[in-house]
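What follows is a short report on a single structure.
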């Protein structure tokens, strides 16, 4: 697979390539089915893994935030687990009812490069084109412990879509 840096790709090509980036991926869900993302809601890409201590500390906060906004938010999980079994175990045990990119999907490396994921956990607010509209959401989630705080943050995110 040829990896291209964004700076070497004409902007028009890059935007077209990533314009429907989640449409090309079969997102899995807990019941064994598949899902599509409704970009009418704010959408978070969440990179994490079960072996990552920081992820295991942040994931419950993200899950509580999701519950505090009554699920009025998309979260798409991209696993960095080492095996498909590890991915499913972490998902079933710790994550919310969010769609995820199945282990081994070729798109995962593209997402890691595109979003410059060097460490995990990493949470990014994106728009329908896959463009990052806020890359500092992790701290906002951690600071929003009450439903009122979470809903206030969500309203700010809706304005960015």
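The values are calculated or read from the model by the stated rules, or taken from the named source; none is laboratory data. This one's a predicted model, so the numbers in the text were calculated from it and none came from an experiment. A quick note on method: Cβ atoms are made from the backbone with ideal geometry, for glycine too, and the neighbour counts reach across all protein chains shown.
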Worksheet entry | Counted residues, the range 101-122 - those being surrounded by 18 or more Cβ atoms within 10 Å (Cβ to Cβ) and within 22 Å of residue 140 (Cα to Cα) | 3
Discussion item. Looking only at the range 59-93, filter to residues that are surrounded by fewer than 18 Cβ atoms within 10 Å (Cβ to Cβ), in a loop (DSSP other than H, G, I, E, B) and free of Cβ contacts under 8 Å to residues at least 40 places away in the same chain; which one of those is nearest to the chain's Cα centre (by Cα)?
Written reply: 71
Discussion item. Among the residues in the range 35-58, are any modelled with pLDDT under 95, outside any loop (DSSP other than H, G, I, E, B), over 27 Å from residue 149 (Cα atoms) and within 15 Å of the chain's Cα centre (by Cα)?
Written reply: yes
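Output the residue which, of all residues in the range 20-34 that are under 14 Å from the mean Cα position of the chain (by Cα) and farther than 16 Å from residue 132 by Cα, is modelled with the lowest pLDDT. Before the answer, list the steps.
Going residue by residue through the range 20-34, those that are under 14 Å from the mean Cα position of the chain (by Cα) are 21-22, 25, 27-29.
From what's left, farther than 16 Å from residue 132 by Cα: 25, 27-29.
Numbers: 25: 82, 27: 91, 28: 90, 29: 89.
Ranking the qualifying residues of the range 20-34, first place goes to 25.
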Fill in: Single residue of the range 102-133 satisfying the filter (part of a strand (DSSP E or B) and in contact with a helix residue (DSSP H, G or I) (Cβ under 6 Å, 6 or more places away or on another chain)) that is nearest to residue 159 (Cα to Cα)
133
